[in-house]
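Below is one structure. I have some questions about it.
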Amino acid sequence: MNKKSILIVEDDTDIQQLVSYNLIRTGFNVTCADSGEEALEILRTEKFDCILLDLMLPGLSGLEVCGQMRKEQDSKEVNAPIIMLTAKGEEEDIIAGLESGADDYITKPFSPKVLIARIKAVLRRAEDGKSDGIDSTQDVITINNLTIDQGRHEVRLGEELLQLTMTEFGILTFLGKKPGWVFTRQQIIDSVRGYDFLITPRAIDVQIFGLRKKLKEAGKMIETVRGIGYRLKSDWEADA
């Protein structure tokens, strides 16, 4: 089995070396970048399976780098899971990181063992083409003109290929497995993230907001059920 490649974007030399040592020891291939600009340059020529991104960087911030990675829809790294590594652990910081396109958020100081477990979790979800906790009984889900291909890890709206983060794909797939069913925010958290991921219901709202924007008019399919959570409507039709 080929080794997975990880890009570490971190300007603190001590942390960069600590993370690199533990990842290499675990069996990963590791490349390091000291700034966001250097990371973006590397990503133009190399493909990675996961990106660890510091929030506070010289020059471009981690949020700016993450956003730019996600906007470059034709780039190879666009579907690679992004894990934020940062000392900023307030709820607003976590929400900002997730809203920019990150798939996970780990605050400093952190346990190398927990970090490796998180990396393996996002890689496992990427390989399976589904999110943790979702029991896949079919590869393709079709609702009106929305197609979710779990095997290819692709979402199409008509003929248009949408660029979703791992988290957005997981939420949409989870809701799409049972259209019309109402799920609480906690059910979505548990099914998409896994039980070891600490995240607020507010962060799920941010993910839903971003998902609706990417779905454009079809974003109306995701309905807020007041006081409960969300559901994916199966009877939505685009305006003529």
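The values are calculated or read from the model by the stated rules, or taken from the named source; none is laboratory data. Note that the coordinates shown come from a computational prediction; the quantities given were computed from them, not determined experimentally. Methodologically, a virtual Cβ is constructed for each residue, glycine included, from the backbone with ideal geometry; neighbour enumeration extends over all protein chains shown.
Restrict the check to the range 74-86 and report whether at least one residue is surrounded by fewer than 14 Cβ atoms within 10 Å (Cβ to Cβ), out of contact with any Ser or Thr (no Cβ under 8 Å at 6 or more places or on another chain) and under 27 Å from Ile171 (Cα atoms).
Looking through the range 74-86, at least one residue is surrounded by fewer than 14 Cβ atoms within 10 Å (Cβ to Cβ), out of contact with any Ser or Thr (no Cβ under 8 Å at 6 or more places or on another chain) and under 27 Å from Ile171 (Cα atoms).
Show the residue pairs that are 6+ apart or on different chains and have beta-carbon atoms under 6 Å apart, the first residue being within the range 12-34 and in the same structural domain as Pro58 (by TED's automatic domain parsing), the second being crowded, with 16+ Cβ neighbours inside 10 Å and acidic (Asp, Glu).
Gln16/Glu10; Asp34/Asp11
Looking at Leu7, Leu52, Leu23 in this structure, which one is within 15 Å of the chain's Cα centre (by Cα) and at pLDDT 85 or above?
It is Leu52.
OK, next. Given the condition outside the structural domain of Cys66 (by TED's automatic domain parsing), among the hydroxyl-bearing types (Ser, Thr, Tyr) and at pLDDT 85 or above, answer yes or no: does some residue in the range 182-192 qualify?
Scanning the range 182-192 turns up at least one residue that is outside the structural domain of Cys66 (by TED's automatic domain parsing), among the hydroxyl-bearing types (Ser, Thr, Tyr) and at pLDDT 85 or above.
Looking only at the range 220-240, count how many residues are within 18 Å of Glu159 (Cβ to Cβ), modelled with pLDDT of 90 or more and out of contact with any Phe, Trp or Tyr (no Cβ under 7 Å at 6 or more places or on another chain).
Number satisfying all stated conditions: 0.
Could you tell me which residue of the range 56-65 is nearest to the chain's Cα centre (by Cα), considering only residues that are aliphatic (A, V, I, L, M) and buried (at least 24 other Cβ atoms within 10 Å of the Cβ)?
It comes out as Val65.
Further, regarding this structure: Just to verify a result, which residue in the range 99-108, among those that are modelled with pLDDT of 75 or more and not in a strand (DSSP E or B), is surrounded by the fewest Cβ atoms within 10 Å (Cβ to Cβ)?
Lys108
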